[in-house]
1. Mind checking which pairs have a first residue in the stretch 2-31 that is of a type outside the set (Gly, Ala, Ser) and a second that is part of a loop (DSSP other than H, G, I, E, B) and surrounded by 14 or more Cβ atoms within 10 Å (Cβ to Cβ), Cβ under 9 Å, 6 or more apart or different chains?
2. Kindly indicate whether any position in the stretch 17-27 is of a type outside the set (Asp, Glu), under 9 Å from the mean Cα position of the chain (by Cα) and either within 16 Å of Gln62 (Cβ to Cβ) or buried (at least 16 other Cβ atoms within 10 Å of the Cβ) (or both).
3. Look at Ala35 and say whether it is assigned to a loop (DSSP other than H, G, I, E, B), more than 13 Å from Gly7 (Cα to Cα) and either open to solvent by 50 Å² or more (accessible area, probe 1.4 Å) or not charged (D, E, K, R) (or both).
Amino acid sequence: MAAVTCGGCRNVVVHETGDPDVIVVEYELVGTHTATGVTASALFIGVLRTSHGILAQWREYQHTLAIAQAVGQAQAGTTEVLL
């Protein structure tokens, strides 16, 4: 996979759940493809669980099609990506 420089997170939204040890975080990660200079973003969702005040689990869900398109692994208009 091509190298990407992270440009930060934006549009961060934290959702509390019924379990005080679990939160859901939505965010948009911005990056620049180092070979082409193209900057793009993709949406992510993280589900974080703590145990005794320490982060115990981070499960992340990514918009893999947007990422593949941004780094040239899929063309615009593609509807699926095989990973």
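1. Short answer, once both residue conditions are applied: Val4/Val71.
2. Initial filter on the stretch 17-27 (of a type outside the set (Asp, Glu)): 17-18, 20, 22-25, 27.
Narrowing the set further to residues that are under 9 Å from the mean Cα position of the chain (by Cα) leaves 27.
Filter once more, keeping what is either within 16 Å of Gln62 (Cβ to Cβ) or buried (at least 16 other Cβ atoms within 10 Å of the Cβ) (or both): 27.
Checked against the condition, which is being of a type outside the set (Asp, Glu), under 9 Å from the mean Cα position of the chain (by Cα) and either within 16 Å of Gln62 (Cβ to Cβ) or buried (at least 16 other Cβ atoms within 10 Å of the Cβ) (or both), the stretch 17-27 yields at least one hit.
3. Values: assigned to a loop (DSSP other than H, G, I, E, B): yes; more than 13 Å from Gly7 (Cα to Cα): yes; either open to solvent by 50 Å² or more (accessible area, probe 1.4 Å) or not charged (D, E, K, R) (or both): yes.
Here the answer is yes, as Ala35 does meet what is asked.
The values are calculated or read from the model by the stated rules, or taken from the named source; none is laboratory data. Because the structure is a prediction, the values reported are computed rather than measured. Please note: Cβ atoms are built from the backbone with ideal geometry, for glycine as well, and neighbour counts cover all protein chains shown. For accessibility, only protein heavy atoms count, side chains too; no ligands or nucleic acids. Shrake-Rupley method; radii C 1.70, N 1.55, O 1.52, S 1.80 Å.
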